[in-house]
Every structure is written in structure tokens, then in C-alpha cells.
1. Using just the alpha carbons, could you tell me how many Å³ per residue the convex hull of the stretch B:147-200 encloses?
2. Which three numbers, in whole Å and largest first, are the semi-axes of the equivalent ellipsoid of the stretch A:1-150 derived from its Cα gyration tensor as √(5λ)?
3. As an exercise, find the ratio Rg/Rh for the stretch B:58-184 from alpha-carbon atoms, using the Kirkwood inverse-distance average for Rh.
4. Quick one: 3J(HN,Hα) in Hz for the stretch B:243-253, Karplus 6.51/-1.76/1.60 with θ = phi - 60°, rounded, Gly and Pro as x.
5. What is the angle, in °, between the Cα long axis of helix B:160-170 and the longest principal axis of the Cα atoms in chain B? Nearest 10 is fine, range 0 to 90.
6. Picking from B:338, B:275, B:206, which is most flexible by a Gaussian network model of chain B using Cα springs under 10 Å?
7. Could you give the semi-axes, largest first, of the ellipsoid that matches chain B, computed as the square roots of 5 times the alpha carbon gyration tensor eigenvalues and rounded to whole Å?
8. Return P(r) of the stretch A:36-81 (all Cα-Cα pairs; 10 Å bins starting at 0; whole %; ordered from short to long distances).
Amino acid sequence: MVESCISNKIYSYKHECKWPNSEAADVHSIIVRKSRSKGFLVFFSALLILANAILLFLIKDKSIAVVFWSFIWDVLIVKLLLQKPVEKESVVIMPALGVQLETHYVSGNIIRRFVPIDKILKPVLLECVTPVTCYWSLSLIVQEEAELMLVFKELHPPVKMLVPIWKALCAATGSEGSLNTFTEDGPCC
Amino acid sequence: MGDSKRHRILMVSDFFYPNFGGVENHIYLLSQCLLKLGHKVVVMTHAYGNRSGVRYMTGGLKVYYVPWKPFLLQNTLPTFYGTLPIIRTILIREQISLVHGHQAFSTLCHEALMHARTMGYKVVFTDHSLYGFADVGSIHMNKVLQFTLADVSQAICVSHTSKENTVLRSGLPPEKVYVIPNAVDTAMFKPAAERPSGNEIIIVVISRLVYRKGADLLVEVIPEVCRMYPNVRFIVGGDGPKRVRLEEMREKHSLQDRVEMLGAVPHAQVRSVLISGHIFLNSSLTEAFCIAILEAASCGLLTVSTRVGGVPEAYDMIVLAEPDPTDMVQAIKKAISILPMIDPQDMHNRMKKLYDWHDVAKRTEIVYDHALNCSNQSLLERLSRYLTCGAWAGKLFCLVMIIDFILWRLLQLWKPAEDIEVVPDIVLSHDEDRGISQDFQAFNEDNSLR
């Protein structure tokens, strides 16, 4: 049963309740949306480069190496720009048991991390500052760990999608969600 | 607050806590007073070691420690356009209305002011030091300052001497420069309940022992005073390259029992060192505005100082001397003779009335109001101001600004402003049981997010 859905240009957020009769699990997912225009642009420019190389070979009598290298270059940029390794990341909250963090890749690979409920001290929403930007991230303060555990390792969803997940985590772990909403330290990547 | 608007100010400088100094103290205390007046203040500086990211200080003061590595004397590496993305992100997410840069020597400040002007924000600059005109370093720095100040909305200097110096170095019209002196925290610098008794007169010196602060003058003055007055003792606090010379002087004249060297004194202990003395000696060769003198006067000490820079403007009861050993010894002689007539509590009360950070904040608020009332100018109008900076320099500055403008437009296309999320304002609520707790109101109202 899908309870709520928010989306923007890059991500969309889905909240599902598996087994709604018993309060067994709550799944919050952030899904990466496919961007058709980007794919079109990348293929078009790759085609342009290849066409240019072939023209150079046929008309200006350059060596075949030009075509070969431009083909390699095309493969590289298509691979880099169009490969979306992450398809979606989700948080499965099982009250009284723990929280499972999953990362689903396009290749079919799924990486799961489980954190028992009593090891979670508090979920926190933090601002991370990098040399070029600043974004919000959701992390868990875990007992006996020096570093915070990022809930979404690969994706950077907007804060309006993170807030309902954070509230659900607070409710599950029993920490106060409305006051004292930030700590002073954080992993600033 | 009344009818004046609530401003949203971004303070930018390379120099901030955990570094200690005049500029750092100024930014912190001014920000605290502005927060009390109801404005929103955010500070941006570079990361200090591990201290990187967002931190919150007293009163809800948000500090961005941007992870750019410092390369020289706590200054960020100047990359011209490298800081444009992060500055744009901070300005949009905090909904800043005005950018206030501090200290001419800070590269981050210059870059931030340049980018803020490109993006159309109003800009205020405060200069805290006096600089020369003759040496190579100063010439280059003055050119950079000329570039930054060519298009600043308003400028603030800490003394009239400093205003003269800044106007001459940068070619800024004097009408745009306001003089707002620094203040002193009179609550922290209180005189001792009882003056140090006994026959001895104790002269305190606390400064960095470098050439600029006149450490060489001390080397000449101290033995002379000790010879003339057998009941005078010196306490010297501070460290630096010239400490060796002072130690040598002690050895040479056998003054080990008359001159006490304390080494570096942490800021929290300055007051306890000051209240152990009767007279404060300042031998700086140049000073835009000497806060040390104010701190000493607030603690009830009589001050003897060199007549340089903005020192004579501080207050009237300083005994002034030329930066010359003989003249300084005469001044100390005069100070010792008038010492019995000085009442420490009276001096402290006068300081309290003359210097107050809340007063500085109110005056700065007026400068902000004037800055925000300045007209918005298009790129072409602004470029004409840069052309007046010099034959070659003017054209170079124009080119720099045009490239900055183009990069800003490209950045707007790549990362539109709508994608940058605005940070909700912090509302401080005081809870007796739990201390100060902070509350993101917007996060608790689900409606505003969907």
C-alpha cells in the first residue's frame, strides 16, 4: 500500500507499508528518475563526434586511428554519463527489530545494511558542507561507533523528502523528533 | 527594533573562532549584538583543522566552516572563481540580504565580496588595520583592495586615522566610509577589588613581541626606567620573535628579579595579568585602533602609549609619547607621578559609558540601512567604476568581473536557484529545565513541505 509520494526532477519518494494489518515494516524509498533528454543529448553528441572522425578519415585522409580513438572516447562518455549505477535507495523500518538500509543498483546488485534498534541512539538531519556546495543528509548516531552512519550513501535527496523519513525513524527509535533537532558535529564530506 | 527592517547578514572573513585576535573578537561580539537586535547573522570562514562544516554558537549564530585549505597566515588559497558555487549556495539557502566582509588581508573576504556584487547583493566592508604604501606587498594588497572597494556599497573603519588610510589606499570616496570604533567587553574587564598594594609600582606589557608592536623600543626603555626608579617592576606577557632580545636585555642588566616574562597569555587570563599592575605600557609602532589600551583602562590601569595611528582617538586619559626611547621614559615618569590621582573604578565606569558593543551594533545597523538603500546597478554601470582604477588594472578588473558574471550565469543554468533549498529560520526558545533548545518550526508543519 503506497501511503505517500513526493517527487522532483531527479528523485521521487515513495512510502509503503508492507503488511498493513500488523505494524511489521515501513518502507521509505528514494527512486532515481530516468531522464530521457539527458540520454538523447549524450547519444547525439557521441554520434556527432563519430561522424566528424569518419569525415576526417574519408575526406581529409587522416589515419584510421582518429576514428578508432573517437570511438573509444564515445564509449567512455556514454558509459560515464549514462550509467546510473544506483536505481533506488530504501529504508525499511521494523519497529522493535531494527532498520535496514538498502541500495539497489541498475545492474541488479543490492547492498543491505542492518542496524538493530537498540544500537541506534538518534537519527539526525545535518547540513554537509563541501568545497562547492552544501546539502542536507540524514544520518544515524550509532552506539560505539565514532562516525555517523549515513542513511542514503549514494543519493542526495532534498530535505522535504528526508523529513518524513527522519520523523518515522524518530518514532521507531523513540527519540524526540520535534525539539533539539540538530547536533553540533557531523560528517562533512 | 521598531520600524527598521530585519536584516539577514553574512559575515565573511578568514579570521574567526577558533583563532583568537582583534578581528575574530570583533566579528563574534558584533554578531552577538546584532542577533540581540533581532537580525539574522550567519558567519562564513574557512575550515580550521578538523573543524569543518556547519557549527552553531551562542545565540543561534550559525557558522559555515568551508573546507578550503588555508595557505598562508590563515588565508584561503585565492582561486578567483573557485568559491563562487559555495558562496552562491550559502547566499540563496540562508536568504541573505547583505554581505559584510572583514579585514583587507583576508582573501576569502575579497572573493566573497566580488561574487556577492556580481550576484547583485549589497556589500559592506570593514577595515581593521593600517597598511603601508611603499613596500611590494603593500602595493599589491592596495591594488586588490582598490578592486574590491571600487564597487562596495559602504565601508566602515575603526578610527579616523584608519579611514584616512583606507581612503588613500583604495581611492574610495570618503562619503562612503563610516567610522565605528571597536568596543571592549567591560563586563569581563573589571578592575580588582583592591589595587596591588606596597611600595612597588608594577608596569604591565601584554603584546605580541614583534617589530610592529615595538618590542625593540621596550628593550631600550625597560633598563632605563629600572635604573631611574628602584621601586618599579615590569611584567611582560606575550611571545614572538623578539622575545630573545628581551631575555638578553634581562641578562645584560641583571634585571631577572625586576622583569618577569610570562610567555604567551591566553585571552581568558589577560584580565588577571592586567589587574596585577598599576600602569599599562603600549609601544606599538602602528595601530589602527588599539583594543589592548581599552582593556587596560577598563581594568583601571593608567596607560602609557606611543602616539601612533588611532591611539590618540581612543580616550583622553592616555599618556602619549613619540615612538622614541627617551620620550617614552619621560612619559612613564609623568605617569608614575600622576598615578596616585587615578581611581581604577572611575576609569572603568568611563570606559563603560564610552565603549559598548551594543552601541557599535546600532551604528552598524545604520550603515546596513544605508547600504540597502543604495540603488541596484547593472553590469555595465558597475564596469565603468572599475575602469577608473588604473590604465592596465582597470581593464584587467573589468575582464575579471565579466568572466565572473558569465560563470555565474552558467552556474544558474546548471544549478538553478529553485533547486537550492532554503534553510528554515532558527527560533530560540529558552527552557529552564533543559537549557536552550532550538526548534525548526517549518519542519514541524507538514503542510508547508508538500
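Here, each number is a calculation from the coordinates, and none is a lab measurement. What you see is a predicted model; the values in this text were computed from it and never measured. As a convention, Cβ positions derive from the backbone with ideal geometry for all residues, glycine included, and neighbour counts pool all protein chains shown.
1. Values: hull volume 7.5 nm³, N = 54.
Per-residue hull volume (Cα only) is 140 Å³.
2. Numbers: eigenvalues 408, 66, 38 Å².
Gyration-tensor ellipsoid for the stretch A:1-150: 45, 18, 14 Å.
3. Details: Rg = 14.8 Å, Rh = 15.4 Å.
My calculation of the ratio gives 0.96.
4. In residue order, the calculated couplings are 4, 4, 5, 5, 4, 4, 4, 4, 5, 4, 9 Hz.
5. 50
6. The residue with the greatest mean-square fluctuation here is B:338.
7. Working: eigenvalues 371, 139, 74 Å².
For chain B, the ellipsoid semi-axes come out as 43, 26, 19 Å.
8. P(r) for the stretch A:36-81, in whole percents per bin: 30, 46, 20, 4.
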